[in-house]
Amino acid sequence: MQSTAFRLSPPLPSLRSPSLHSRRSGACYDAVRASAVAGSPDDVPPGLAARCFPPRRWSSVSPSSSSSSSRLRPWSGVGGFGCEREGRSRSLEARATSVPEAAGDGEKSGSVARTLELGLLFGFWYLFNIYFNIYNKQVLKVYHYPATVTMVQFAVGSVLVLFMWTFNLYKRPNVSRSQLVAIVPLAVVHTLGNLFTNMSLGKVAVSFTHTIKAMEPFFSVILSAMFLAEIPTLWVVGSLVPIVGGVALASLTEASFNWVGFWSAMASNLSNQSRNVLSKKVMVKKEESMDNITLFSIITIMSFIIQFPATCYLEGFKFTPGYFELAAKSGLNVKQVLVRSLLAALCFHAYQQVSYMILQRVSPVSHSVGNCVKRVVVIVSSVLFFRTPVSPINSIGTGIALAGVFLYSRVKKIKPKPKMA
């Protein structure tokens, strides 16, 4: 078998094109292309730097079996050689400028993907919250044991957390004794906050409970000033006025108003904001800090441990097969209650997990704005689903309170100007 050799050589007089000299001025020497043909730039003949070639390369063609001579023919489509350094710099510059465009396109596509991911997370956050409130209200309307319902929600959440840790769906934390001691107060107020919320939902409409819970910023400002020495700005104090006024107006005209439901929702606000203040006060050491999802997972398990004996003491064993058998004879649809309780518990844990996932991707201010919008969505959806009667004045009061919450989330980031010495 014959082999084919490739080499560069000065142009043969018999092969020169008539237009060769007319194209010499436009040719340039490209070391990159030369190395691809001749092996390296050093293989180029010494006289090549002083001569110019048309934009062609030459290759040898293997002769047929009946011929012993070789002939040359040009390859087209490859740039020419030359000697100007300027031409080479232009070629390299053209190649270099294409890289930032590709990088910019990659960054743009990555930004779009992150935006879509964040939009989906917000959508799931709102959706899980809507279904939690609907299923929870349906259960509490016929099963008047909010402590038991709360315990079931913590139990389902604990099972999900242990499942994720067991199968490495989320990294299992190594928690020290000091960390557990610091988390216990957070778990206590977290348990009380959810218990009081369920007590309120069992007594009044979902929309009214969430209207009262719009007063969370009021309790946050008061507790932060008392225990963290954080003095609010005039902007923050001013944003609390429409919140308090709107809740008061909505309460005066609420058709389902009930003092137990009202004070339960207020106690829920106090408990939830106490948790936020305590988390700042006790989780201050760097070695004791942990991510929000891990902290929430540990709090969920602790809350179940706390809630179980409290439920047995407050309501007794209202979750045994014997009790459900008696309740079924009284007309309770036990299967429906169990299914909706399970769905509510799953949605409860899911929306809080997604909430913390969003908090890891956006600023606290953006998360607060999203939480305000979420409350609006929950109120509107519950009114439509349960066909809750709402008077115009009640709607105005709710709207003013929610507008105040939105204003609070915006002015909270305004820092007071430092005093000049």
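The values are calculated or read from the model by the stated rules, or taken from the named source; none is laboratory data. These figures come from a predicted structure and were not determined experimentally. Reconstructed Cβ throughout: ideal geometry from the backbone, glycine too, with neighbour counts over all protein chains shown. Protein only, heavy atoms only, side chains kept; ligands, DNA and RNA dropped before computing areas. Shrake-Rupley method; radii C 1.70, N 1.55, O 1.52, S 1.80 Å.
Answer with yes or no whether residue 232 is part of a loop (DSSP other than H, G, I, E, B) and under 26 Å from residue 157 (Cβ atoms). Break it down into steps so the answer makes sense when it comes.
Values: part of a loop (DSSP other than H, G, I, E, B): yes; under 26 Å from residue 157 (Cβ atoms): no.
Answer is no for this residue.
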Checklist outcome for this item: Of (1) closer than 27 Å to residue 148 by Cβ; (2) among the charged types (D, E, K, R); (3) part of a helix (DSSP H, G or I), residue 254 fails just (3)
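So for segment 161-173 (the condition being open to solvent by less than 30 Å² (accessible area, probe 1.4 Å) and closer than 25 Å to residue 129 by Cα), does at least one residue qualify?
Among the residues of segment 161-173, at least one is open to solvent by less than 30 Å² (accessible area, probe 1.4 Å) and closer than 25 Å to residue 129 by Cα, which makes the answer yes.
Based on what the data block shows, is residue 358 surrounded by 16 or more Cβ atoms within 10 Å (Cβ to Cβ) and in contact with a Gly (Cβ under 6 Å, 6 or more places away or on another chain)? Working first, answer last.
Values: surrounded by 16 or more Cβ atoms within 10 Å (Cβ to Cβ): yes; in contact with a Gly (Cβ under 6 Å, 6 or more places away or on another chain): no.
No, not satisfied.
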Next on the checklist: Among the residues of segment 327-346, are any touching a Leu at 6+ places or on another chain (Cβ under 6 Å), buried (at least 19 other Cβ atoms within 10 Å of the Cβ), in a helix (DSSP H, G or I) and modelled with pLDDT of 90 or more?
Outcome noted: no
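May I ask you to list the residues in segment 389-406 that are open to solvent by less than 80 Å² (accessible area, probe 1.4 Å) and assigned to a helix (DSSP H, G or I)? Steps first, answer last, please.
Filtering segment 389-406 for residues open to solvent by less than 80 Å² (accessible area, probe 1.4 Å) gives 390-391, 394-395, 397-405.
Selection gives 394, 395, 397, 398, 399, 400, 401, 402, 403, 404, 405.
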Checklist outcome for this item: Screening 251, 239, 224, 220 for residues that are farther than 11 Å from residue 397 by Cβ, surrounded by fewer than 20 Cβ atoms within 10 Å (Cβ to Cβ) and not charged (D, E, K, R) leaves only 224
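Would you confirm, using the coordinates I've provided, whether residue 263 is over 23 Å from residue 157 (Cα atoms), modelled with pLDDT under 95, open to solvent by 70 Å² or more (accessible area, probe 1.4 Å) and among the aromatic types (Phe, Trp, Tyr)?
On the way: over 23 Å from residue 157 (Cα atoms): yes; modelled with pLDDT under 95: no; open to solvent by 70 Å² or more (accessible area, probe 1.4 Å): yes; among the aromatic types (Phe, Trp, Tyr): yes.
No.
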Item to check | Flag if residue 267 is more than 27 Å from residue 306 (Cβ to Cβ), over 29 Å from the mean Cα position of the chain (by Cα) and part of a helix (DSSP H, G or I) | outcome: no
Checklist entry - Here are some conditions: (1) open to solvent by less than 80 Å² (accessible area, probe 1.4 Å); (2) at pLDDT 95 or above. Residue 180 meets all but one. Which one does it not meet? => result (2)
Checklist outcome for this item: Checked pairs for segment 290-301, first over 12 Å from residue 180 (Cβ atoms), second hydroxyl-bearing (Ser, Thr, Tyr) and in a helix (DSSP H, G or I), C-beta under 9 Å and 6 or more apart or across chains, list as 291/356; 292/355; 292/356; 293/356; 296/355; 296/356; 297/158; 300/158
Item to check | Any pair with Cβ under 6 angstrom, 6 or more apart, that starts in segment 311-328 at a residue that is within 19 Å of residue 153 (Cα to Cα) and ends at one that is among the aromatic types (Phe, Trp, Tyr) | outcome: 315/145; 318/145
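Going through 186, 127, 140 one at a time, which residue ends up being modelled with pLDDT of 95 or more, closer than 25 Å to residue 314 by Cα, surrounded by fewer than 24 Cβ atoms within 10 Å (Cβ to Cβ) and not small (Gly, Ala, Ser)? Give the steps one after another, and end with the answer.
Values: 186 fails: modelled with pLDDT of 95 or more; 127 fails: closer than 25 Å to residue 314 by Cα.
Selected residue: 140, the only one of 186, 127, 140 that is modelled with pLDDT of 95 or more, closer than 25 Å to residue 314 by Cα, surrounded by fewer than 24 Cβ atoms within 10 Å (Cβ to Cβ) and not small (Gly, Ala, Ser).
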Checklist entry - If you take the residues of segment 270-280 that are in contact with a Gly (Cβ under 8 Å, 6 or more places away or on another chain) and of a type outside the set (Gly, Ala, Ser), which of them is least open to solvent (accessible area, probe 1.4 Å)? => result 272
